[in-house]
Amino acid sequence: MKIAYQGIKGAYSELAAYKHFGNDAEPVGYDTSEEVFEAVLSSKCDFGLLPFDNTIAGSVAINYDLLLKNDVYVTAEEFLKIDHALLSHKGNRIEDIKIVYSHPHALEQCREFIRKHKMKAVPEYDTAGSAKLIKERDIKPEASISPEFCASIYWLDIIAKDIQTNKSNTTKFLAFVRKENVPKNLKHEKTSIAFKTKHYPGALINCLQRLAKHNLNLTKLESRPVPENPWEYVFYADFEGGIEDENVKLALSEMEASSLFLKILGSYPKGK
């Protein structure tokens with residue numbers, strides 16, 4: 001089973017793919033999120049898996065935009081605890097490190113550690129890519145903040161573990177497929193939708209009241225601008241309940257009547 005993800009070998013997304021699909025999965029890395037969706041839609045890969053929310057950095061806007069744009073269906077959510085490690089060349093000690101590379105979010109999440117050890121932080125494209133970079137550059141005082149997993153891949157030493165300031169750093173990944181490939185036995189416990197309200201006072205409240213009316217617990221609500229229509233917004237919402245539940249059917253039917261459009265992004269099991 002091929003799983004498309006964004007990044008290179010050793011990325012947190014690859015770890016999430018193994019965690020969710022098991023060790024028999026075949027994760028395939030792509031440079032961009034757009035390419036991940038293309039791989040799924042063209043059937044080059046069976047599933048796509050991308051990060052959508054992080055407890056510190058918030059939502060990954062581009063991935064939500066692409067989820068709305070493309071004809072795919074969310075089949076699962078997977079939560080991965082993010083544990084950053086400091087990786088460097090064999091034999092290095094922490095006092096040898098002068099420069100550290102990583103994704104800007106990872107550098108920010110490890111800011112106190114970097115400051116304490118008087119290192120210079122240099123932003124890079126991603127965490128796993130930073131490990132590959134320092135291995136290729138082969139400059140002794142350099143290190144990366146990356147998953148521990150990268151140490152064995154790029155022949156580096158783990159100089160320090162669990163160096164992020166906030167120990168509850170967690171990322172939510174969503175798995176998705178072409179709509180015709182949705183598993184027949186998929187359990188529906190949670191639903192994700194996107195909708196756009198009509199233009200009148202209280203339009204959003206009117207839509208959300210439909211969920212409350214049918215006793216549905218809203219777990220996420222976020223707005224995103226519509227790039228081609230300035231000052232117009234699409235709302236993304238998650239709530240507990242599956243699309244086969246009668247109260248969910250009623251709520252969505254009433255919301256659709258009160259909206260300019262409503263799209264069901266997926267209905268899937270709750271992640272642990």
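The values are calculated or read from the model by the stated rules, or taken from the named source; none is laboratory data. These figures come from a predicted structure and were not determined experimentally. Heads up, the Cβs are rebuilt from the backbone with ideal geometry, glycines too, and the neighbour counts pull from every protein chain shown.
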Review point. If you check every pair at least six apart or on different chains, which have Cβ atoms under 6 Å apart with a residue in the stretch 39-59 that is over 17 Å from Met1 (Cβ atoms) first and a residue that is among the aromatic types (Phe, Trp, Tyr) second?
Key: Pro51/Phe173
Practice item. Tell me, yes or no, whether the stretch 5-18 has at least one residue that is without any contact (Cβ under 8 Å) to a residue 60 or more places away in the chain, of a type in the set (Lys, Arg) and either assigned by TED's automatic domain parsing to the domain that holds Asn70 or buried (at least 19 other Cβ atoms within 10 Å of the Cβ) (or both). Key: no
Review point. Among Glu240, Glu256, which is the only one that is at pLDDT 95 or above and either within 22 Å of Leu174 (Cα to Cα) or over 26 Å from the mean Cα position of the chain (by Cα) (or both)?
Key: Glu240
Review point. Would you call Ala143 closer than 18 Å to Arg115 by Cβ, over 19 Å from the mean Cα position of the chain (by Cα) and not assigned by TED's automatic domain parsing to the domain that holds Val60?
Key: yes
Review point. Does Lys172 fit the bill of being charged (D, E, K, R) and under 23 Å from the mean Cα position of the chain (by Cα)?
Key: yes
Study note, to complete from the structure: When the stretch 27-44 is checked residue by residue, the ones that are over 14 Å from Ala128 (Cα atoms) and not β-branched (Val, Ile, Thr) are Pro27, Ser33, Glu34, Glu35, Phe37, Glu38, Ala39, Leu41, Ser42, Ser43, Lys44
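Return yes or no: is Ala175 touching a residue at least 60 places away in the same chain (Cβ under 8 Å), closer than 25 Å to Phe47 by Cβ and assigned by TED's automatic domain parsing to the domain that holds Asn63?
On the way: touching a residue at least 60 places away in the same chain (Cβ under 8 Å): yes; closer than 25 Å to Phe47 by Cβ: yes; assigned by TED's automatic domain parsing to the domain that holds Asn63: yes.
Against the criterion (touching a residue at least 60 places away in the same chain (Cβ under 8 Å), closer than 25 Å to Phe47 by Cβ and assigned by TED's automatic domain parsing to the domain that holds Asn63), Ala175 qualifies.
Out of the stretch 103-122, which residues are of a type outside the set (Phe, Trp, Tyr), over 19 Å from the mean Cα position of the chain (by Cα) and in a helix (DSSP H, G or I)?
Of the stretch 103-122, the ones of a type outside the set (Phe, Trp, Tyr) are 103-112, 114-122.
The next check asks that each one be over 19 Å from the mean Cα position of the chain (by Cα); those that pass are 110-112, 114-122.
Selection gives Arg111, Glu112, Ile114, Arg115, Lys116.
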Review point. If you check every pair at least six apart or on different chains, which have Cβ atoms under 9 Å apart with a residue in the stretch 97-119 that is surrounded by fewer than 14 Cβ atoms within 10 Å (Cβ to Cβ) first and a residue that is in a helix (DSSP H, G or I) and among the basic types (Lys, Arg) second?
Key: none
Check your understanding: Where residues in the stretch 183-216 are closer than 30 Å to Asp46 by Cα and of a type in the set (Val, Ile, Thr), which of them is surrounded by the most Cβ atoms within 10 Å (Cβ to Cβ)?
Key -> Thr191
Point to revise | Among the candidates Phe21, Phe79, residue that is in contact with a Gly (Cβ under 6 Å, 6 or more places away or on another chain), surrounded by fewer than 21 Cβ atoms within 10 Å (Cβ to Cβ), under 26 Å from Glu240 (Cα atoms) and of a type in the set (Phe, Trp, Tyr) | key: Phe79
Revision key, fill the gap. Over the stretch 227-241, the set of residues part of a loop (DSSP other than H, G, I, E, B) and under 18 Å from Lys213 (Cβ atoms) is Gly241
